[in-house]
1. Using the structure shown, decide if Val250 is within 28 Å of Pro215 (Cβ to Cβ), assigned by TED's automatic domain parsing to the domain that holds Gly203, part of a strand (DSSP E or B) and in contact (Cβ under 8 Å) with a residue 60 or more places away in the chain.
2. Among the numbered conditions (1) part of a loop (DSSP other than H, G, I, E, B); (2) in the same structural domain as Ser35 (by TED's automatic domain parsing), tell me where Asp139 comes up short.
3. Could you check segment 29-39 and list, in sequence order, the residues that are farther than 18 Å from Ile75 by Cβ and surrounded by fewer than 20 Cβ atoms within 10 Å (Cβ to Cβ)?
4. What tally of residues in segment 190-225 results from selecting those that are at pLDDT below 95, in contact with a strand residue (DSSP E or B) (Cβ under 8 Å, 6 or more places away or on another chain), of a type in the set (Asp, Glu) and over 14 Å from Ile286 (Cα atoms)?
5. For the condition under 26 Å from Gly51 (Cβ atoms) and touching a helix residue (DSSP H, G or I) at 6+ places or on another chain (Cβ under 9 Å), what is the one hit in Thr311, Thr247, Thr307, Thr293?
6. If I ask for residues that are part of a helix (DSSP H, G or I), among the hydrophobic types (A, V, I, L, M, F, W, C) and buried (at least 16 other Cβ atoms within 10 Å of the Cβ), which ones from segment 44-62 would you list?
7. Would you be able to say whether some residue in segment 310-329 is touching a strand residue (DSSP E or B) at 6+ places or on another chain (Cβ under 8 Å), part of a helix (DSSP H, G or I) and closer than 21 Å to Arg159 by Cα?
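The values are calculated or read from the model by the stated rules, or taken from the named source; none is laboratory data. Model, not experiment: these values are computed from the prediction. Note that each Cβ is placed from the backbone with ideal geometry, even for glycine, and that neighbours are counted across all protein chains shown.
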Amino acid sequence: MNQFKNVLVHSQLTLKEAMLKLDQTALQVLLVVDSDSKLLGTITDGDIRRGLLKGLGLDEVIESIVFTTPTIGYINETNQEIIKKAVAKKLHQIPIVDAERRVVGLKEIDELLKPDIKPNKVVLMVGGLGTRLHPLTQDTPKPMLKVGDKPILQTIVERFASYGFVNIVMCVNFKAETIQSYFGDGKEFGANIEYVLEQERMGTAGALSLLTTKPSEPFFVMNGDLLTNVNFESLLDYHQTHQAVATMCVREYDFQVPYGVVNIDGHKVTSIIEKPVHNFFVSAGIYMLSPQTLDLIPNGEYYDMPTLFETLIEQNQNTVSFPIHEYWLDIGRMNEYEQANREYSGVFG
């Protein structure tokens, strides 16, 4: 509770500064206060991501995205009363204020209530051929290529395990025995690992039809050739807060047209825009799915994740995006593999 002073901020903080502040602390919330330390509201990772989706720039201030009606506890309330509030709203932390609404603490409810090991499964798609990385992948599955001092896949497994997501399923195909021999049952890496063998390639969603046990909780699906330090706990929280059926992690992608773009109306030139930059959100290869999505995946057939999302959208199911602002790299080509090795120690230590 004494760490609360580290997360007190003012409303003129920029989004970039708020992101850095959240990364520097072990807590998941910033408390926005006035000059008298009176609570104005809170900022979470989810608030920042929603601001980014609305088009706010990193240099804009957080004032417009502050959540001004947070659940609060009072200094004279018991822990049981505060825990009851937290459980009712599914909160991890509750700011504690005095009678004048000055912040005097921050209760971390998750530490008291959440088990260290979480039930949510992690399904890793690791059966790709990696042909664009030949000759490195001639005899080695791409997820087993070393970045830093360990295989890409080991970094992924250890990061999930560090958040308590230890129940991992690997969907294997090409050189499956190499992956199974290295990881075994996963205990050496702090995880419980099982394997699903794709007899033929089934796409980013098709292999889910092979799961021996259907998950009863929302579960992760991730490509096995990605390096990222995204907060997987924040992804789960975001999925549950939005009551989503499926959540797709997205990454902003800029594309510059290398020519002057000419706008015309009939025969008339109306304007010329020199080398414009277009901004898009692209899939980051990380997903959070609720169990009922598995009912839409055909058994034993090729089926990719975009098709699953398209089906859910057609059915008016709640599909949401989770923008990634953390480090993320898709290792698909040689230059990206070289980049990953240059950057690994600075990002993952």
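1. Values: within 28 Å of Pro215 (Cβ to Cβ): yes; assigned by TED's automatic domain parsing to the domain that holds Gly203: yes; part of a strand (DSSP E or B): yes; in contact (Cβ under 8 Å) with a residue 60 or more places away in the chain: yes.
Considered against the rule, which asks whether it is within 28 Å of Pro215 (Cβ to Cβ), assigned by TED's automatic domain parsing to the domain that holds Gly203, part of a strand (DSSP E or B) and in contact (Cβ under 8 Å) with a residue 60 or more places away in the chain, Val250 comes out as yes.
2. Tallying (1) part of a loop (DSSP other than H, G, I, E, B); (2) in the same structural domain as Ser35 (by TED's automatic domain parsing), Asp139 fails exactly one: (2).
3. Asp34, Ser35
4. Residues flagged as at pLDDT below 95, in contact with a strand residue (DSSP E or B) (Cβ under 8 Å, 6 or more places away or on another chain), of a type in the set (Asp, Glu) and over 14 Å from Ile286 (Cα atoms) within segment 190-225 amount to 1.
5. Values: Thr311 fails: under 26 Å from Gly51 (Cβ atoms); Thr307 fails: under 26 Å from Gly51 (Cβ atoms); Thr293 fails: under 26 Å from Gly51 (Cβ atoms).
Step by step, each of Thr311, Thr247, Thr307, Thr293 is checked, and only Thr247 is under 26 Å from Gly51 (Cβ atoms) and touching a helix residue (DSSP H, G or I) at 6+ places or on another chain (Cβ under 9 Å).
6. Initially, segment 44-62 is screened for residues part of a helix (DSSP H, G or I), giving 45-53, 62.
Still in the list and also among the hydrophobic types (A, V, I, L, M, F, W, C): 48, 52-53, 62.
Result: Ile48, Leu52, Ile62.
7. There is no residue in segment 310-329 that is touching a strand residue (DSSP E or B) at 6+ places or on another chain (Cβ under 8 Å), part of a helix (DSSP H, G or I) and closer than 21 Å to Arg159 by Cα.
A quick yes/no check of all residues on (1) touching a Gly at 6+ places or on another chain (Cβ under 7 Å); (2) of a type in the set (S, T, N, Q); (3) over 30 Å from Met334 (Cβ atoms):
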| position | (1), (2), (3) |
| --- | --- |
| Leu153 | yes, no, no |
| Ile179 | no, no, no |
| Val196 | no, no, no |
| Arg201 | yes, no, no |
| Ser216 | no, yes, yes |
| Leu226 | yes, no, no |
| Glu233 | no, no, yes |
| Gln243 | no, yes, yes |
